[in-house]
């Protein structure tokens, strides 16, 4: 896997609470997409620092105490007709926890419960889009379950390390060179189609060496 941008990330919200605080429970909910999101901020567990100062050694002992799932500051382009934004504004007037789902560009999912603490409109100047800022306080249930992370399955590419020069033109067959067979996780780099074998691609291997022929693409 490599780094990526946040483009394509979505935020969904539901007023319902899952029957179980896991992927199965959250998946059963009907969630509404929040439109016109420009910035989702950050989230994640942070522990409080607990210290102890023994007089004998003078050294400060540090331990982890309670943890907090964090605060999200969400920036929106205000759309008073957007169903997701309407739900967020309603949630800001409620004491109930709401369910949220953040789905990133590559399909990773983050489910969590949160209190919607505020929904503030920013009109700004003549050269500014009317926006809104929503503050979420992520919370945990009584069992201590907070953010439920479900990572997207790794995309596997079969690279049998066959030398492309051994491909027999017109028949799309190869001769095994006896090299190791590896599964490359999340295809690092796919080049041009091999001209005499439709459906076969050159694949740069993980060491950056001369491309070999990859069969069947990804699966």
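Here are a few things to note about the model shown:
- Conditions (1) over 23 Å from residue 153 (Cα atoms); (2) over 19 Å from the mean Cα position of the chain (by Cα); number of the one not met by residue 69: (2)
- Options 43, 21; residue that is surrounded by 11 or more Cβ atoms within 10 Å (Cβ to Cβ) and out of contact with any strand residue (DSSP E or B) (no Cβ under 6 Å at 6 or more places or on another chain): 21
- The selection criterion, being modelled with pLDDT of 95 or more and surrounded by 13 or more Cβ atoms within 10 Å (Cβ to Cβ), holds for residue 139.
- Scope the stretch 1-21; condition in contact with a helix residue (DSSP H, G or I) (Cβ under 8 Å, 6 or more places away or on another chain) and either part of a loop (DSSP other than H, G, I, E, B) or over 20 Å from residue 91 (Cβ atoms) (or both); matching residues: 15, 18, 19
- Strands (runs of 3 or more DSSP E) lying entirely in the stretch 22-78 (those with 1 or more residues that are within 26 Å of residue 5 (Cα to Cα)): 37-39, 46-52, 71-77
The values are calculated or read from the model by the stated rules, or taken from the named source; none is laboratory data. Note that the structure is predicted; figures quoted are calculated from it, not measured. No Cβ is skipped: glycine too gets one built from the backbone with ideal geometry, and neighbour counts run over all protein chains shown.
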